[in-house]
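Let me begin by presenting the structure, written as structure tokens, before commenting on it.
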Amino acid sequence: MAQRKVTAFVDSQERLTEDVYSMWIREEEMAAQAKPGQFISVYTKDGAKLLPRPISICETNKETGMLRIVYRTVGAGTEEFSRYQAGDTVDIMGPLGNGFPLEAAEGKTAFLIGGGIGIPPMLELAKQLHCKKEVILGYRDVLFLNEEFAPYGEVVLATEDGSAGTKGNVIDAIREHGLKADVIFACGPTPMLRALKAYA
């Protein structure tokens, strides 16, 4: 299906940390099609900013026709999104990207590794992946979403400042807990992905 820009409605918005927000958007067709690991492009209402902001899909609810994005405010665009309230309109395009290959984990043990704002897309993956899962989440300091992973697998935390879980990064946490897996699904900053590739 050709991707098109649509006007959707904000169902709810919640502030999770000082600069991380969770927004549920009502768009039935997109919610029905979205796969774990895909993203949407979100357009600002400022005509001077033509380029949309790519934001990963955190969760979908096909029954209610909604999708959830969890994003960090880093500039004027995301700052604008953080002010949206229930009933506001938002222009989006998606779902975009290939998503995660779920079949790669059939009958195996999988690591689901998220770092920083790469954590949100791992939640829908955790829900849809039917295999043994170890969820390893890496934070700078303030935690968000970690408790929402608990129903889907064992959750191990790493924080740079040592305020929760292992002090260090996700690989330090894997080593400290002696975790093993056959498949790795990961989303996060490039240095983390590079280190995971070397580890694998």
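None of the figures in this text is laboratory data; all of them are computed from the coordinates on show. Keep in mind that this is a model prediction, so the values were computed, not measured. Don't worry about glycine lacking a Cβ; one is built from the backbone with ideal geometry, like all the others, and counts go over all protein chains shown.
A simple charge model with +1 on the Cβ of Lys and Arg, -1 on the Cβ of Asp and Glu and nothing else charged puts the dipole of the chain at about 520 debye relative to its Cα centre.
Helix 190-199 axis versus longest C-alpha principal axis of the chain: approximately 30°, rounded to the nearest ten. Other residues within the sphere of radius under 9 Å centred on the Cβ of residue 42, judged by their own Cβ, net out at 0 (K and R +1, D and E -1).
If we count every other residue with Cβ under 15 angstrom of residue 180's Cβ, Lys/Arg +1 and Asp/Glu -1, where does the sum land? Net charge around residue 180: 0.
For the residues 189, 36, 95, a GNM of the chain with alpha-carbon springs under 10 Å puts the largest fluctuation on 189. Relative to the Cα centre, the charge distribution of segment 79-198, modelled as +1 at Lys and Arg Cβ and -1 at Asp and Glu Cβ, gives a dipole magnitude of about 500 debye.
Quote the relative contact order of the chain in percent (integer), defining contacts as alpha-carbon pairs under 8 Å separated by 6+ residues. All intermediate terms of the calculation are to be shown ahead of the outcome.
Values: 443 pairs, mean separation 39.6, N = 200.
For the chain, the relative contact order is 20 percent.
Cross-linked pairs 62/108; 49/127; 5/45; 133/197: Cα-Cα separations exceed 23 Å for 62/108; 49/127.
Checking every one of the trypsin sites (Lys or Arg not before Pro) in segment 77-173 against DSSP loop status and a limit of 13 other Cβ atoms within 10 Å picks out 83, 108, 140. Measuring gaps between exposed loop sites in the chain (GluC sites (Glu not before Pro); DSSP loop; at most 16 other Cβ atoms within 10 Å), the longest gap, sites not included, is 107-159.
How much length is gained if the chain between residue 76 and residue 154 is pulled fully straight, taking 0.36 nm per residue apart and subtracting their Cα-Cα distance, in nm to one decimal?
Working it through step by step, the gained length comes to 24.4 nm.
Using the Cα gyration tensor of segment 54-168, with a ≥ b ≥ c the square roots of its eigenvalues, what is the shape: rounded (a/c below 1.5), prolate (a/b larger than b/c) or oblate (neither)? In terms of gyration-tensor shape, oblate. Subtracting the Cα-Cα distance of residue 127 and residue 28 from their residue separation scaled by 0.36 nm leaves 33.7 nm. Summing Cβ point charges (Lys, Arg +1; Asp, Glu -1) relative to the Cα centre of segment 5-96 gives a dipole of roughly 220 debye.
If each residue of separation counts as 0.36 nm, what is the full-extension length gain between residue 46 and residue 85 once their alpha-carbon separation is subtracted?
Working: separation 39, 0.36 × 39 = 14.04 nm, distance 1.70 nm.
Gain in length upon complete extension: 12.3 nm.
Scan (i) 29, 19, 14; (ii) 39, 16, 13; (iii) 25, 20, 15 for the value of semi-axes √(5λ) of the Cα gyration tensor in Å calculated from this model and give just the label. Derived directly from the coordinates: (i). Annotation note: trypsin sites (Lys or Arg not before Pro) in segment 47-80 located in DSSP loop regions with a Cβ neighbour count of at most 14 within 10 Å are 49, 62.
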